[in-house]
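Taken together, the values in this text are just the output of simple stated rules run on the coordinates, not laboratory data. Predicted model, so just to flag it, every value in this text is computed and none were measured. All Cβ positions, glycine included, derive from the backbone under ideal geometry; neighbour counts span all protein chains shown.
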Amino acid sequence: MSKNGSISASVIKRLPRYYRFLGELKAQGVNRISSRELSQRMRLTASQIRQDLNCFGGFGQQGYGYHVDELRHEIGKILGVDRKFSTIMIGAGNLGRAIATHINFDTRGCQLEAIFDSNPALAGLKVGDLEVKPSEELAEYCKKNNPVVAVLCIPKASTQDTADTLVSLGVKAFWNFSHYDLSIGYDDIIVENVHLGDSLLTLTYGVNVLLNDGEDAENE
């Protein structure tokens, strides 16, 4: 994330994990949990969890631990999941349609309200409850509806120009799947670049180390 104030990026990256794990605990009927128990589930140290949460004031009680529902609620407020930021998507290709269909924006602080694409053949296509709009309507839509977040599922070559246009139209944040590391020279613009291939490479690194260690052990 390109902007996070005084809180380190690594702490912010862990907040969604806390939110997700606490949601699973709540669904299992767990009412309270200690930092040690939570650390075992999340494969973090108890000290790390306490340090992370103390960045936002701390929420545990000595000798009690954390109340699962209350902690999840507070982390949700920090993440903004209750805000329902007005969101648009640019690009209704295979990736865009998959994200629009399978990501539950409502539970993650965003309300997906419109999808745009430059391909005339996609205009009017139904994606979930939304119809794809032609890109020619983007400027007028933004002026009328003031979206805050844009999801970019467009070719790499057009990403910067599209982002510049959207910033000029008032968009404040980008969830960017375009394989282009978006760097916008504007104040108060949030960018989250998503590289799915990088995640796969991280996995293959782990497999490579695992298999090499196994081969080394066999050769000893």
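Give the separation of the Cα centroids, the stretch 149-220 to the stretch 1-57, in Å.
Distance between centres, Cα-based: 23 Å.
Between GLN111, GLN48, GLN160, which gets the highest mean-square fluctuation from a Gaussian network model of the chain, Cα cutoff 10 Å?
Result for the chain, Cα springs under 10 Å: GLN48 fluctuates most.
What number does the stretch 61-192 give for Rg over Rh if you use C-alpha atoms and the Kirkwood radius?
Value, to two decimals: 1.06.
Taking amide hydrogens as modeled 1.01 Å from N in the peptide plane, which residues meet the under 5 Å criterion relative to VAL191, leaving out close sequence neighbours?
Correct list: SER2, LYS3, PHE174.
If I model the chain as equal point scatterers sitting on the Cα atoms and use the Debye formula, what is log10 I(q)/I(0) at q = 0.10, 0.15, 0.17, 0.18 Å⁻¹?
Once normalised to I(0) and log-transformed, intensities are -0.59, -1.06, -1.20, -1.26.
Using θ = phi - 60° and the Karplus relation 6.51 cos²θ - 1.76 cosθ + 1.60, list the HN-Hα couplings for the stretch 167-175 in order, rounded to whole Hz, with x at every Gly or Pro.
Ordered by residue, 3J(HN,Hα) equals 4, 5, 8, x, 5, 10, 8, 10, 9 Hz.
Can you list the residues, at least 5 places off or on another chain, whose amide H is less than 5 Å from the amide H of LEU44, using H built in the peptide plane?
Here the answer is none, since no amide H 5 or more places off falls under 5 Å of that of LEU44.
Report the relative contact order of the chain, percent, no decimals, based on alpha-carbon pairs under 8 angstrom and at least 6 residues apart.
Reported as a whole number, the value is 16 percent.
Using Cα-Cα distances under 8 Å and only pairs 6 or more residues apart, what relative contact order does the stretch 106-189 have, in percent?
23
Within straight cross-link reach of LYS172, meaning Cα distance under 22 Å, which lysines are found once same-chain residues fewer than 8 apart are removed?
Here the lysines satisfying the reach criterion relative to LYS172 are LYS3, LYS13, LYS77, LYS84, LYS133, LYS143, LYS144, LYS156.
Remind me, relative contact order of the stretch 9-78 in percent, using alpha carbon pairs under 8 angstrom and six or more residues apart?
43
Give the order of THR165, THR45, THR202, THR87 when sorted by the count of other beta carbons within 10 angstrom, beginning with the fewest.
With the sparsest Cβ surroundings first, the list reads THR202, THR45, THR165, THR87.
Can you work out ³J(HN,Hα) from phi for every residue in the stretch 205-212, in order, using Karplus 6.51 cos²θ - 1.76 cosθ + 1.60 and θ = phi - 60°, giving whole Hz and x for Gly and Pro?
4, x, 5, 4, 5, 4, 5, 5
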